[in-house]
């Protein structure tokens, strides 16, 4: 999927190398963080809740907003907790 999106740096890593790391960052036209382990999420649940987005006519999947919030809260890093605050603020403003 990364190669189909024309992210050439994806060709520099094998599937085994990707799976050996908890996070791999690809930086071509856009930055994509690929996480193989995500705190606060179970893959099956996150996959079922995923959302489809599109960038330059290329569709891709992202974690649902509530799953993203749960993951960032579980990670507990200062930057993640600030992201949670902003995401929840955005939710309140949409209501």
- Note on the structure: If we take segment 18-94, then strands (runs of 3 or more DSSP E) inside it with 1 or more residues that are surrounded by 15 or more Cβ atoms within 10 Å (Cβ to Cβ) and in contact (Cβ under 8 Å) with a residue 40 or more places away in the chain are 58-62
- Query: Is it true that residue 51 is more than 13 Å from the chain's Cα centre (by Cα) and modelled with pLDDT of 90 or more?
  - Reply: no
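Okay, residues lined up against (1) farther than 18 Å from residue 23 by Cα; (2) out of contact with any strand residue (DSSP E or B) (no Cβ under 7 Å at 6 or more places or on another chain); (3) modelled with pLDDT of 95 or more:
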{"site": "42", "(1), (2), (3)": "no, yes, no"}
{"site": "64", "(1), (2), (3)": "yes, no, yes"}
{"site": "90", "(1), (2), (3)": "yes, yes, no"}
{"site": "93", "(1), (2), (3)": "yes, yes, no"}
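The values are calculated or read from the model by the stated rules, or taken from the named source; none is laboratory data. For clarity, every value in this text was computed on a predicted model and none was experimentally measured. Quick reminder, even Gly has a Cβ in these numbers, built from the backbone with ideal geometry, and neighbours come from all protein chains shown.
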